[in-house]
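The values are calculated or read from the model by the stated rules, or taken from the named source; none is laboratory data. On a predicted model such as this, the values are computed, not experimentally measured, just so you know. In this analysis, Cβ positions are derived from the backbone assuming ideal geometry, glycine residues included, and neighbour counts consider all displayed protein chains. Note: accessible area is taken over every heavy atom of the protein model, side chains too, but ligands, DNA and RNA are not part of it. Shrake-Rupley method; radii C 1.70, N 1.55, O 1.52, S 1.80 Å.
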Amino acid sequence: MGTQFLAPVVKLNNGTTIPKLGLGTYDIKHVRDTIKAAIDVGYRHFDTAWLYNNEREIGDALKEVLKEGKVKREDLFITTKLYMTKMDPVDIRAAFNQSLERLQLEYVDLYLIHAPTSLKNCGDQTLPKDEQGSLLLTNVDYVDTWKGLEELVDEGLVKSIGVSNFNNKQMERILEMAKHKPAIHQVESHPYNCNSNLIEWAKKNDIVITAYSPLQAQKRQKPGDSEDDFGTLLGHKTVKSIAEKYGKTTAQILIRFALDRGCVVIPRTSIRSELQENMEVETTPILSLGRLRYVYVTKIMAYTNIRC
């Protein structure tokens, strides 16, 4: 099994806790084997969604490791999401039950509204469109969707609820009426897209940010930018120089960047060695990486002309 590391946890506003480092599962390969390997090296936090079409495989893996006694259910933190086509209050229960059945669990730890925009429910279609190719939007208000999620909390089917890809004004609308306050807001965050204002707003309102795509594997370029200025972050020469200084991988540097900003982080990989390396970030001695954000990460931000 090898050395096992367990990520520290952060307390949410409802008193529950979430591991600071988890595994994002969007578009990863060999899902079942990856989940089992991740548990072997210490992962307890797994992020999925109806949209990812892998809840069944994740559920199979969890069922196996739970049966083998490798982990207890209470040690796991499982997140899934309500998709945009399922936001009508009349559709929420069926969508949630489908996710729960696929995951083969009695409850989920966190249920998120995947995005604030509601689309027409056309079965398994993810982006329903009309004959002209336009998305079939609906007038469902995400505030009403939130009320449906609160009912799941009241029934003990969900421990915590939250949102993903909302802006601050949308969050404020939910806070104004919420019986159960959002515990998590999941957004993209990395040095090319810091989302600093949103992160600061969330901190002031006692909402934890989960950073997805912290490694930003895809290239981001604007007209006039050279390849050196906007390549992949994992291959960015400044990130690489920081990694070389500390004897770490570029992925570890970027994960630590997000952690030092107070975010929960869910990097994606299906490679066992990378699973291990990513999990070891939070256990790195403070003298090695503790000052990274304040000293060296400024190079990343200056180099890419982005303020974090």
Being acidic (D, E) and modelled with pLDDT under 85 is the requirement here; does D225 meet it? yes
So which residues in the stretch 35-61 are farther than 29 Å from N121 by Cα, open to solvent by less than 20 Å² (accessible area, probe 1.4 Å) and touching a helix residue (DSSP H, G or I) at 6+ places or on another chain (Cβ under 7 Å)? I35, A37, A38, I39, V41, G42, Y43, A61
Residue check for D60: within 22 Å of I255 (Cβ to Cβ) and in contact with a Lys or Arg (Cβ under 7 Å, 6 or more places away or on another chain): no
Is there a residue being farther than 30 Å from E74 by Cα, part of a helix (DSSP H, G or I) and out of contact with any Pro (no Cβ under 8 Å at 6 or more places or on another chain) anywhere in the stretch 154-169? yes
Among the numbered criteria (1) open to solvent by 20 Å² or more (accessible area, probe 1.4 Å); (2) modelled with pLDDT of 90 or more; (3) not in a helix (DSSP H, G or I), which single criterion is violated by N197? (3)
Criterion first (under 25 Å from S270 (Cβ atoms), surrounded by fewer than 20 Cβ atoms within 10 Å (Cβ to Cβ) and in contact (Cβ under 8 Å) with a residue 40 or more places away in the chain) does R73 satisfy it? no
Those residues that are open to solvent by 20 Å² or more (accessible area, probe 1.4 Å) and under 16 Å from I271 (Cα atoms), I need them from the stretch 5-34; list them, please. Y26, D27, I28, K29, H30, R32, D33
Of all the residues that make up the stretch 117-161, how many are farther than 16 Å from A95 by Cα, within 23 Å of the chain's Cα centre (by Cα) and surrounded by 15 or more Cβ atoms within 10 Å (Cβ to Cβ)? 2
